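Following: one structure in structure tokens, then a few remarks.
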Amino acid sequence: MDKLIVQGGGPLEGRIRVSGAKNAALPILMACLLAEGKVELGNVPRLRDIHTSLKLLEILGCKTSFDGNDVTSDAVALVPEAPYELVKTMRASVLCLGPLLARLREARVALPGGCAIGARPVDLHLKGLEKMGAKFELAEGYINGTCNGGLKGAHITFDFPTVGGTENLLMAASLAEGESILENAAREPEVEDLANFLNAMGAKITGQGTSVIRVEGVKSLKGCSYRVMPDRIEAGTYMCAAAITDGELLIEDCPYQELDAVSYKLREMGVWLEETDEGVLVRRDGPLVGTDVTTQPHPGFPTDMQAQFMVVMCMASGAGTIEEKIFENRFMHVQELARLGADIRLKGRTAMVRGGKPLFGAPVMASDLRASASLVIAGLAAEGKTEISRIYHLDRGYENIEAKLSGVGATIWREKE
Ligand code: EPZ
């Protein structure tokens with residue numbers, strides 16, 4: 001396994017280009033199963049989860065290619081089974097359920113296990129698909145789904161605005177007979193990007209980005225060309241990096257409009273941000289002051305920015321609280337940050353951060369994707385050397401992170417563990 005070494009201190013200066021969004025590319029790749037014909041995707045980030053998704057598409061009967069950041073996929077002869085060996089490495093594989101039911105009227109998808117940050121059930125996905133006529137049986141760790149008469153449009157209200165549940169239902173409803181209405185739907189920009197991709201293939205979706213999405217089912221969807229949106233969480237991560245080191249970053253291809261809640265909080269702490277026609281300029285504007293954050297479904301503060309933002313709060317004078325309302329166990333980075341000298345108290349799903357204490361480099365361990373990103377940022381701010389092990393977590397969501405950070409002055413490199 002690899003480890004990442006970060007030599008702290010020193011300003012970050014220069015330009016960082018944001019890659020395509022992992023959480024848009026993953027559902028869009030599963031939606032390729034719906035197309036009769038070849039799909040061409042641009043701006044696809046080279047990440048572990050993308051390679052895993054392409055492997056899954058091949059197992060399900062697609063011919064795929066991945067050259068640079070360009071992907072092609074052609075669903076030539078689909079088969080209905082997504083095996084456990086693959087699904088257990090990437091929960092987002094469950095997003096093939098809707099497309100397989102829509103195309104083949106059957107699906108056998110391994111039940112995705114939990115992961116470090118929580119149980120992550122898929123009950124809302126199944127409940128919505130059942131309202132569209134699917135029948136499910138859970139046996140030997142697999143979801144066995146059928147819909148003999150084909151999927152029918154339905155009026156579905158989610159108990160919770162689930163991102164994956166909204167995406168699975170959007171894909172299923174696109175080829176269902178009749179109209180579907182999804183209420184209390186997720187409003188995340190990546191859900192909107194999926195809907196726009198489906199419409200590019202000939203789907204009839206309106207309301208994406210709001211909590212009520214309407215889908216008029218069509219008979220078939222065709223291949224198309226589409227560019228995946230830039231990654232707002234990657235962009236937000238680099239904004240936090242700019243905030244905790246002196247210097248100024250220009251973040252190129254930054255989906256700034258999708259980061260209102262994050263930029264609002266960064267400004268509140270004393271970070272300066274300015275949108276220019278070349279990208280978003282970010283730098284610390286005097287001493288940072290503490291603030292309070294609660295993670296919410298979009299357009300609230302994103303849970304995927306919680307760990308990274310906690311490091312900015314560690315560097316601020318005064319205290320601040322972070323309440324994690326989306327996942328039940330998303331504070332594994334706290335103990336690792338404490339090893340670097342951070343003063344953070346946990347009480348249930350709220351972390352009290354007492355900022356203003358210097359951080360000192362130490363060996364730490366990544367536990368999940370965004371926790372590993374927060375450790376990289378902390379390493380940049382800490383005095384001395386930080387060694388981050390198990391960085392395969394990081395490689396799931398950040399394309400070329402050490403090259404991008406070295407390019408703006410960070411001292412960061414990868415070593416074999
Ligand atoms: C997506 O996960 C993202 N992953 C996550 O990003 C992100 O944190 C999450 O949305 C919230 O924004 C991808 O897009 C691949 P949810 P997803 O369904 O779809 C509960 C990252 O770091 N729930 O909105 O799994 C669930 O347990 C990853 O890039 C049910 O109870 O998120 C959780 O507490 C991590 N039943 C909450 O809802 C269900 O059927 C949010 O889940 C579905 C979800």
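Details
- Taking amide hydrogens as placed 1.01 Å from N in the peptide plane, the amide H of residue 221 sits under 5 Å from those of 36, each at least 5 positions away in sequence or on another chain.
- Other residues whose C-beta falls under 13 angstrom from the C-beta of residue 273 contribute a net charge of -2, scoring Lys and Arg +1 and Asp and Glu -1.
- Angle in degrees between helix 163-174 and the longest Cα principal axis of the chain, rounded to the nearest 10: 30 degrees
- If you take all other residues with their beta carbon under 13 Å from the beta carbon of residue 337, and give Lys and Arg +1 and Asp and Glu -1, the sum is +3.
- Percent of Cα-Cα distances greater than 14 Å, calculated over region 183-232: 51 percent
- Treating each Cα of region 84-208 as an identical point scatterer and summing with the Debye formula, the log10 of I(q)/I(0) at q = 0.14, 0.18 Å⁻¹ comes to -0.56, -0.94.
- Between 0 and 90 degrees, the angle of helix 306-315 with respect to the longest Cα principal axis of the chain falls at about 10 degrees.
- For residue 296, the residues whose modelled amide H falls within less than 5 Å of its own, excluding neighbours fewer than 5 places apart on the same chain, are 301, 303.
- The chain, accessible surface, carbon-and-sulfur percent (1.4 angstrom probe): 49 percent
- Gain in span if fully extended, residue 85 to residue 321, counting 0.36 nm per residue against the direct Cα distance: 81.1 nm
- Lysine pair number, Cα distance threshold 26 Å (strictly under), region 256-409, separation 8 or more or different chains: 8
- Karplus-derived 3J(HN,Hα), 6.51/-1.76/1.60, for each residue of region 120-129, Hz, glycine and proline x: 6, x, 10, 4, 6, 4, 5, 4, x, 5
- Charge context of residue 416, other residues only, Cβ under 15 angstrom, K/R +1, D/E -1: -3
- For the chain, the Kirkwood estimate of the hydrodynamic radius, built from every pair of different alpha carbons, is 21.8 Å.
- Rolling a 1.4 angstrom probe over the protein heavy atoms with all chains in place gives region 235-352 an accessible area of 38 Å² per residue.
- Relative to the longest principal axis of the Cα atoms of the chain, the long axis of helix 189-200 makes an angle of roughly 40 degrees.
- Derived scalar couplings ³J(HN,Hα) [region 396-412; Karplus, 6.51 cos²θ - 1.76 cosθ + 1.60; whole Hz; x for Gly, Pro]: 6, x, 10, 6, 6, 4, 6, 5, 5, 6, 4, x, 10, x, 6, 9, 8
- Karplus-derived HN-Hα couplings along region 224-237 (A = 6.51, B = -1.76, C = 1.60, θ = phi - 60°), whole Hz, x at Gly and Pro: 7, 10, 8, 9, 5, 5, x, 8, 5, 6, 4, 4, x, 5
- Helix-only CD estimate at 222 nm, as mean residue ellipticity for the chain, using -39500 (n - 2.57) per DSSP H run (n ≥ 4): -9000 deg cm²/dmol
- Sites listed here are trypsin sites (Lys or Arg not before Pro) in region 208-273 whose DSSP assignment is loop and whose Cβ has at most 12 other Cβ atoms within 10 Å: 219.
- Less than 5 angstrom separates the built amide H of residue 364 from those of 387, 388, 389, all sequence-distant by 5 or more or on a different chain.
- Semi-axes of the equivalent ellipsoid for region 117-181, Cα gyration tensor, largest first, Å: 20, 16, 8
- Rg ratio (alpha-carbon, reference 2.2 N^0.38 Å) - region 332-417: 1.09
The values are calculated or read from the model by the stated rules, or taken from the named source; none is laboratory data. It should be emphasised that the depicted structure is a prediction, and the values quoted were computed from it without experimental measurement. Positions of Cβ are generated from backbone atoms using ideal geometry, with glycine treated the same way; all protein chains shown enter the neighbour counts. Side chains included, ligands, DNA and RNA excluded: accessible areas come from the protein's heavy atoms. Shrake-Rupley method; radii C 1.70, N 1.55, O 1.52, S 1.80 Å.
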